[in-house]
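The structure under discussion appears below in the form of structure tokens.
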Amino acid sequence: MSEFTGRPDPSLPNAEGAWAQQAEANLGDRRLREEIDRGLTFGLEAAPTINDRTISTFVRGEKPHFAGERGTFLKCPFIEDVNEVDDAEVAIFGVPLDAGATYRPGTRFGPQGIRRSTNLFGTYNYESGVDLREQLNMVDIGDVFTIPGNLEKSFDQISQAMAHVAQKGVMPIVLGGDHSIGFPTIRGLAPYMDGNIGIIHFDRHVDTQETDLDERMHTTPWFHATNIKNAPATNLVQIGIGGWQSPREGVKVGRDRKSTVITVGDVERVGIEKIAETALEIAWKGAKAVYLSFDIDVIDAGFVPGTGWPEPGGLLPREALNLVKLVSEPGLAGLEVVECSPPYDWAEQTALMSSRVILDSLAAQVRTGKLGNKAAKADRPAWGP
Ligand SMILES: [Mn+2]
């Protein structure tokens, strides 16, 4: 083997291969180490179960490749140092994860698909008379560093991220991700609630069984979330349930734990106002806060093709958005939109609908004065009062 000269040695049959093998050693890694240091400072150290301590809780560098795109939700300001998130009133973050999907994958691209779809929207909404740029101190703090192929480690990262935002008194808005994240988001949030937390859950599926395919999957979040002491199943309201994909073991759990199931037929028969009123009554009963978990597949599959378990016969977009508005009006502790799978999407329909759920919920809360009350103090690009 010849010495490394900076030039391929033509006497070797693998001249280029041999040269490149040596050349890599001369490249150095100063900028990578800086990037990792910055990631650990601005994105927090990872959950204790993560062995590789160069990994952060929030993505701040190159990896993982499916996460961390810097285009923000609605082009709102980005906060690089998540330690400074307490300067905001609302923090958006992505949870790129599809390891919990039991059929179609692709929700690891959900956060970037949803963010990109918001390029279509302005910050002003006509019917609600709200301009988020002027009225809401909202920031995007990037994506959680999930671990592909390991749900439990990903759950630990998600709970840690959620807890970080919640403990700063900031309202989290989560861009999923498959629905398995409903458990770790509640697990991160619940300890910071001053009492019980109710859950309003939009979905075609109950998602209440203990395991699926031997693991906690996207069919199981509410079994585990309602095991958390201050997130009782009696405060869980599930709207839009029905069809051919609600496993019987999950139905049994809901019956035993006395959660409330409302079908699409119920919505049609009773009307949106009465259903929203009922849902709020149950979710808020003896609770200090309510969390909204919105599975985009609750909307008829014809409008949202890009999702993990499409189920025909769901809510119409108009019904769903009106319900979201009504249940958001009294204020939310947080909101997640899950199961948007851009690889299965067509013309960004599903991503656009996912964005609308978030935007309409925020507008409703600004309009009722539940949001829009906290001005930025730090010297940074900011929205809001
Ligand atoms: Mn679902």
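The values are calculated or read from the model by the stated rules, or taken from the named source; none is laboratory data. Quantities reported herein were computed from a predicted structural model and do not represent experimental measurements. Glycine gets a Cβ as well: all are built from the backbone with ideal geometry, and neighbour counts include every protein chain shown.
Looking only at residues in segment 346-382 that are more than 16 Å from the ligand (Cβ to nearest atom), of a type in the set (Ser, Thr, Tyr) and under 16 Å from the mean Cα position of the chain (by Cα), the one that is surrounded by the fewest Cβ atoms within 10 Å (Cβ to Cβ) is Ser361.
Taken over segment 182-209, the criterion of being within 16 Å of the ligand (Cβ to nearest atom) and assigned to a loop (DSSP other than H, G, I, E, B) is satisfied by Asp203, Arg204, His205, Val206, Asp207, Thr208, Gln209. Scanning segment 3-49 for residues that are in contact (Cβ under 8 Å) with a residue 12 or more places away in the chain, surrounded by 11 or more Cβ atoms within 10 Å (Cβ to Cβ) and not aliphatic (A, V, I, L, M) returns Phe4, Trp19, Gln22, Glu35, Arg38, Gly39, Thr41, Phe42, Gly43, Glu45, Thr49. Counting only residues that are of a type in the set (D, E, K, R), crowded, with 24+ Cβ neighbours inside 10 Å and farther than 20 Å from Phe58 by Cβ, segment 157-214 holds 3 of them.
Only residues that are in a loop (DSSP other than H, G, I, E, B) and touching a residue at least 24 places away in the same chain (Cβ under 8 Å): list them for segment 346-375, please.
Trp346, Glu348, Thr368, Lys370, Leu371, Gly372, Asn373, Lys374, Ala375
Of the residues making up segment 210-257, those that are closer than 29 Å to Leu321 by Cβ and in a strand (DSSP E or B) number 6.
Looking at Gly68, Gly61, Gly106, just one residue is over 18 Å from the mean Cα position of the chain (by Cα), crowded, with 17+ Cβ neighbours inside 10 Å and either in contact (Cβ under 8 Å) with a residue 12 or more places away in the chain or over 21 Å from Leu362 (Cα atoms) (or both), and that residue is Gly61.
A quick yes/no check of all residues on (1) among the hydrophobic types (A, V, I, L, M, F, W, C); (2) at pLDDT 95 or above; (3) touching a strand residue (DSSP E or B) at 6+ places or on another chain (Cβ under 6 Å); (4) more than 21 Å from Pro232 (Cβ to Cβ):
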site: Glu277; (1), (2), (3), (4): no, yes, no, no
site: Leu280; (1), (2), (3), (4): yes, yes, no, no
site: Ala287; (1), (2), (3), (4): yes, yes, yes, no
site: Val304; (1), (2), (3), (4): yes, yes, no, yes
site: Asn322; (1), (2), (3), (4): no, yes, no, yes
site: Ser328; (1), (2), (3), (4): no, yes, no, yes
site: Ala333; (1), (2), (3), (4): yes, yes, yes, no
site: Glu339; (1), (2), (3), (4): no, yes, yes, yes
site: Gln349; (1), (2), (3), (4): no, yes, no, yes
